[in-house]
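Below you'll find the structure, written out as structure tokens, and then a few comments.
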Amino acid sequence: MRKITIVGAGQAGLQLGIGLIDHGYDVTIVSNRTGDQIREGRVMSSQAMFGTALAHERNLGLDFWGDACPSIAGLGVSIANGQGGRALSFAARLDATAHSIDQRVKMPLWMGEFARRGGRLEIHEAGLADLERYAAESDLMIVAAGKGEIAGLFERDAERSPYDAPQRALALAYVTGMAPLPDRPGVSFNVIPGLGEYFTMPSLTTSGPCDIMFFEGVPGGPLDGFDGLAPDAQLAKFQELLRAYVPWEAERCTDVALTDWNGTLAGRFAPTVRKPVATLPSGARVLGLADVVVLNDPITGQGSNNASKCAASYLATILDHGERPYDAAFMELAFGRFWDNAQSATAWTNAMLGAPPQHVLELFAAASANSRIAARFVNGFDDPRDFFHWFMDPAAAKNYLAKVTA
Ligand SMILES: Cc1cc2nc3c(=O)[nH]c(=O)nc-3n(C[C@H](O)[C@H](O)[C@H](O)COP(=O)(O)OP(=O)(O)OC[C@H]3O[C@@H](n4cnc5c(N)ncnc54)[C@H](O)[C@@H]3O)c2cc1C
């Protein structure tokens with residue numbers, strides 16, 4: 001039986017590990033936290049996941065939440081006009097319902113499921129010496145440690161990483177008591193030009209349904225400055241900023257309360273693509289998975305989706321590979337297949353971090369007047385390859401608009 005070791009029990013490591021177990025591989029997952037520590041710890045993400053990624057989970061029988069999880073039926077975009085109103089606004093339904101399951105709910109359950117299906121779970125922080133040992137004992141060693149320090153073993157790919165510093169200060173809060181937006185059936189995505197973005201989305205947390213408030217602030221601007229705040233102070237600051245910049249969202253939040261004292265997060269990181277293969281001092285090679293190799297800013301909500309797609313893609317490549325050795329060529333092939341599909345999400349996400357070019361403003365204006373354009377953009381969150389070619393290119397955007405509005 002081929003032996004595969006995965007470091008990291010997040011979306012990607014667990015999904016891949018469970019898929020491999022189901023195909024008869026001998027799999028060990030190393031996690032630096034127990035399920036209980038994850039469940040009782042701090043929130044980590046807003047983890048909105050769209051149809052394609054959720055289908056990967058369903059294919060493995062990992063959708064344990066059913067009706068308990070609030071549906072994300074669509075997505076609305078508003079651009080603030082700087083005077084308390086909206087310069088434009090549009091919304092559309094998603095072809096497939098999206099979900100956000102607090103990772104504190106999902107990962108402990110998946111860890112139990114991995115063990116139940118025959119996987120071996122080891123709990124400790126894997127360092128370099130551990131990687132050497134696992135690589136020697138395993139046919140294939142995969143690092144799925146997300147933003148963990150160990151990802152630094154993989155060299156930054158400067159050509160694919162246009163930013164070398166964080167482009168947004170991230171701050172979120174899980175709350176109850178948020179009023180629904182009548183014209184927003186799921187995610188509300190608000191752009192505050194020059195300052196950042198504010199999102200809301202329904203989610204399922206450890207105590208039941210909730211909503212997530214999520215600011216992405218341009219560093220040094222008024223939407224930055226959450227680092228080190230106590231959770232209640234962070235929520236109070238959120239409400240103050242909503243009143244100042246997105247008052248239609250403030251109205252929804254007059255009665256919100258934190259779901260729990262660990263329901264807030266603040267931080268920042270530089271979006272980074274890394275080389276997929278790292279060579280350990282012994283010469284052994286290890287393969288990076290998901291955020292370890294493609295770390296996108298959450299502005300477009302692609303990270304968990306990419307983690308799921310990367311795990312599904314690696315699983316297919318491993319199964320195709322049969323009994324052949326997992327050498328460097330195999331590792332490059334596995335990443336290359338994923339990157340062929342993932343690069344649109346990364347390029348689109350990086351573009352959204354800059355000031356929107358004129359053709360994107362025109363696309364948004366057209367979406368607010370035409371429901372077909374709005375639906376195409378909204379459904380692109382599930383698969384950005386669909387609109388990538390016209391969203392990123394002024395001439396193609398013009399052609400697309402001319403065709404749709406003819
Ligand atoms: C504020 C915020 C909001 C987000 N919102 C969204 C969203 O709406 N939609 C979306 O799709 N994505 C979103 N993301 C991104 C998403 O959360 C990540 O892309 C996704 O969790 C990556 O999955 P992963 O399996 O690669 O890594 P992770 O989920 O980070 O899992 C890695 C695991 O490895 C463990 N680990 C680390 N180092 C070691 C070690 N040395 N030894 C053992 N274990 C180790 C970690 O503790 C962790 O459990 C958001 C991220 C942030 C920060």
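Screening the candidates P108, P180, P162 for the property of being of a type outside the set (A, V, I, L, M, F, W, C), open to solvent by 50 Å² or more (accessible area, probe 1.4 Å) and out of contact with any strand residue (DSSP E or B) (no Cβ under 9 Å at 6 or more places or on another chain) yields one hit, P162.
I142 satisfies every condition listed in (1) surrounded by fewer than 17 Cβ atoms within 10 Å (Cβ to Cβ); (2) not in a helix (DSSP H, G or I) except (1). Of the numbered conditions (1) modelled with pLDDT under 95; (2) of a type in the set (F, W, Y); (3) surrounded by 19 or more Cβ atoms within 10 Å (Cβ to Cβ), Y25 satisfies every one except a single condition; which is it? In the conditions (1) modelled with pLDDT under 95; (2) of a type in the set (F, W, Y); (3) surrounded by 19 or more Cβ atoms within 10 Å (Cβ to Cβ), Y25 misses (1) alone.
Among the strands (runs of 3 or more DSSP E) confined wholly to region 154-254, which include 3 or more residues that are on the phi < 0 side of the Ramachandran plot and hydroxyl-bearing (S, T, Y)?
196-205
In region 282-312, how many are open to solvent by 20 Å² or more (accessible area, probe 1.4 Å), touching a helix residue (DSSP H, G or I) at 6+ places or on another chain (Cβ under 7 Å) and not polar (S, T, N, Q)? Give the derivation first.
First, pick out the residues of region 282-312 that are open to solvent by 20 Å² or more (accessible area, probe 1.4 Å): 282-285, 291, 298, 301, 303, 309, 312.
From what is left, the residues that are touching a helix residue (DSSP H, G or I) at 6+ places or on another chain (Cβ under 7 Å) are 282, 284-285, 291, 303, 309, 312.
Subset that is not polar (S, T, N, Q): 284-285, 291, 303, 309, 312.
Within region 282-312, residues that are open to solvent by 20 Å² or more (accessible area, probe 1.4 Å), touching a helix residue (DSSP H, G or I) at 6+ places or on another chain (Cβ under 7 Å) and not polar (S, T, N, Q) number 6.
Taken over region 265-315, the criterion of being of a type in the set (A, V, I, L, M, F, W, C), within 21 Å of E159 (Cβ to Cβ) and more than 8 Å from the ligand (Cβ to nearest atom) is satisfied by A270, V273, V277, A278, L287, V293, V294.
Of the residues making up region 361-373, none is open to solvent by 30 Å² or more (accessible area, probe 1.4 Å), basic (K, R) and within 16 Å of the ligand (Cβ to nearest atom).
Somewhere in region 76-84, is a residue of a type in the set (S, T, Y) and under 18 Å from A367 (Cβ atoms)? Yes, region 76-84 has at least one match. The residue that is nearest to the ligand (Cβ to nearest atom), counting only those in region 83-119 that are within 21 Å of H56 (Cβ to Cβ) and part of a strand (DSSP E or B), is S100. Which ones in region 120-143 are more than 10 Å from S31 (Cβ to Cβ) and within 12 Å of the ligand (Cβ to nearest atom)? Passing the criteria: G127, L128, A129, D130, L131, Y134, I142, V143. Those residues that are open to solvent by less than 20 Å² (accessible area, probe 1.4 Å), part of a helix (DSSP H, G or I) and either touching a residue at least 40 places away in the same chain (Cβ under 8 Å) or farther than 24 Å from G74 by Cβ (or both), I need them from region 376-406; list them, please. F377, V378, F391, listed by residue number.
The values are calculated or read from the model by the stated rules, or taken from the named source; none is laboratory data. Keep in mind that what you see is a predicted model, and the values were worked out from it rather than measured. As a convention, Cβ positions derive from the backbone with ideal geometry for all residues, glycine included, and neighbour counts pool all protein chains shown. The accessibility values were calculated without ligands, DNA or RNA, using every heavy atom of the protein model including side chains. Shrake-Rupley method; radii C 1.70, N 1.55, O 1.52, S 1.80 Å.
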